[in-house]
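Worksheet: one structure, shown below.
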Amino acid sequence: MSAWPGLEAAGTAAPSLPAAGPGGRYQIGRVGTYPFQDRPPLVSVTPQGLFCPPGNFHIDPWRPVERALITHAHGDHARGGSQRYLAARAGQGLLHKRLGANTDLATLEYGERLTVGETTVSFHPAGHVLGSAQIRIEHRGEVWIVSGDYKRTPDPTCTPFEVVRCDTFITEATFGLPIYRWDDPRLVAEDILRWWDGNREAGRASVLFCYALGKAQRILGELSRLTDRPVLVHGAVNGLVACYREAGVKMVPTQLVSETEKGASFTGTLVLAPPSAGGSTWMRRFGDYATAFASGWMRVRGNRRRRGFDRGFVLSDHADWPELLRTVKDTQAARVLATHGFSDQLARYLREQGLDAAPLATPFEGEAED
């Protein structure tokens with residue numbers, strides 16, 4: 001691991017989650033009962049990003065800083081230019097891909113604890129994409145969790161979400177409305193395979209748009225349970241697929257679209273591409289093709305019609321509404337701060353339930369529509 005000046009090992013694992021109370025339910029903090037309300041917040045918003053004063057570090061900063069703790073490799077959370085980075089070891093390959101091979105990046109195993117300034121920090125699985133992590137910060141007995149992006153549904157390509165008890169929980173709220181509820185992703189993969197098979201029989205190619213990091217690999221991983229047919233991928237997807245394979249993630253075979261023989265027919269193939277490829281000259285090579293988009297936004301049918309896709313598959317790497325509420329309960333947090341997405345709506349709902357909750361404004365995008 002790269003050295004971070006001033007860092008010291010603080011043990012091997014954070015405290016485990018205590019048992020639930022009667023009936024399997026946790027006691028949730030009520031408004032005005034926060035036990036550390038006489039202290040300044042452990043994490044606050046600055047022009048550079050989320051900042052922890054006692055640790056003298058930023059979390060997923062949106063401007064260059066001296067020390068940056070990173071939750072995962074998506075571009076709205078992992079930005080270049082900072083002097084030193086610290087992240088979960090499982091995401092090291094993706095972060096070097098994002099930030100550059102010569103980036104000063106130190107890593108920790110999930111659950112490994114480290115002293116940073118006056119705080120103790122550790123990374124815990126977020127279940128969002130490969131190497132994604134929640135960041136646990138402890139200072140003078142007070143514990144905060146910065147969730148980054150997360151989900152609770154099964155995903156064969158990354159470590160499942162781990163519940164970690166805390167006093168303040170900073171949660172994403174990308175899909176923080178009751179309308180957003182996910183189906184079993186294994187059933188979604190079966191729908192994708194049926195759509196692909198239907199297009200093969202009709203003599204068409206199948207072009208499935210999805211985010212290049214996380215969603216594409218998840219689809220490839222889910223399909224590996226159902227078929228061993230190769231899938232063609234856009235160049236933006238290919239390099240990230242390699243990072244997943246190096247991490248031992250099982251996926252169907254893939255081939256770069258650009259490496260197919262000149263003049264070859266794409267009839268019957270499945271192609272994964274980022275949304276930015278739609279409508280570009282890159283699409284002309286496929287001849288007769290059907291399009292689809294895999295995203296949580298496809299839960300609202302109007303989004304599919306507005307974007308002009310033939311099909312929409314509801315598949316998200318973010319928590320849906322029930323998962324957001326379940327996670328707030330599971331953490332036993334006395335205070336909840338909601339960021340990006342429908343943060344105002346989620347915080348308002350939690351306050352209506354008697355919880356101490358508020359929105360926290362940040363430029364994180366969550367699952368952007370483009």
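Can you tell me the relative contact order of region 185-313? Whole percent, Cα pairs under 8 Å, sequence separation 6 or more.
Here the relative contact order equals 34 percent.
What trypsin sites (Lys or Arg not before Pro) in region 114-175 are in a loop by DSSP, with at most 14 other Cβ atoms within 10 Å of the Cβ?
Those that pass, being in a loop and sparsely packed, are Arg140.
Quick one: compute the contact order of region 63-130, relative version, from alpha carbon pairs under 8 angstrom and 6+ residues apart, as a percent.
26 percent.
Sum up the charges of everything whose Cβ sits under 11 Å from the Cβ of Pro160, counting Lys and Arg as +1 and Asp and Glu as -1, but leave Pro160 out.
0
Could you tally the net charge around Gln48, taking each other residue with its Cβ under 10 Å from the Cβ of Gln48, Lys/Arg +1 and Asp/Glu -1?
0
Taking only the alpha-carbon atoms of the chain, what semi-axes of the equivalent ellipsoid follow from 5 times the gyration tensor eigenvalues under a square root, in whole Å, largest first?
38, 24, 17
Where in region 50-75 does the amide nitrogen come within less than 14 Å of the point 7 Å from the Cα of Gln83, taken along Cα to Cβ?
Correct set: 56-58, 64-69.
May I ask which of Lys215/Lys329; Lys97/Lys262; Lys151/Lys329; Lys151/Lys215; Lys97/Lys250 have a Cα-Cα span longer than 24 Å here?
As for pairs spanning more than 24 Å Cα to Cα, those are Lys215/Lys329; Lys97/Lys262.
Restricting the count to DSSP beta bridges whose residues both fall in the chain, what percent are antiparallel, rounded to a multiple of 5?
Antiparallel bridges: around 35 percent, rounded to the nearest 5.
In whole percent, what relative contact order does the chain give with Cα contacts below 8 Å and a gap of six or more residues?
Averaging sequence separation for qualifying contacts and normalising by length gives 18 percent for the chain.
Given only helices, namely DSSP H runs of n ≥ 4 each adding -39500 (n - 2.57), what is the per-residue ellipticity at 222 nm of the chain, to the nearest 500 deg cm²/dmol?
Counting only the DSSP helices, I get -6000 deg cm²/dmol.
Would you please classify the overall shape of region 185-313 from the alpha carbon gyration tensor, given that a ≥ b ≥ c denote the square roots of the eigenvalues, rounded means a/c under 1.5, and beyond that prolate means a/b larger than b/c while oblate covers the rest?
rounded
Suppose R0 equals 22 Å; then what is the FRET efficiency for Arg301 and Thr281 from their Cβ-Cβ distance, rounded to the nearest 0.05?
Approximately 0.15, to the nearest 0.05.
Report the FRET efficiency, 1/(1 + (r/R0)^6), for Asp104 and Ala358, where r is their Cβ-Cβ distance and R0 is 45 Å, rounded to 0.05.
For R0 = 45 Å, the calculated efficiency reads 0.85.
Values quoted throughout were computed directly from the atomic coordinates according to the rules given, and no laboratory measurement underlies them. Keep in mind that what you see is a predicted model, and the values were worked out from it rather than measured. When we count neighbours, we look across all protein chains shown, and the Cβ atoms used for this are built from the backbone with ideal geometry, even at glycine.
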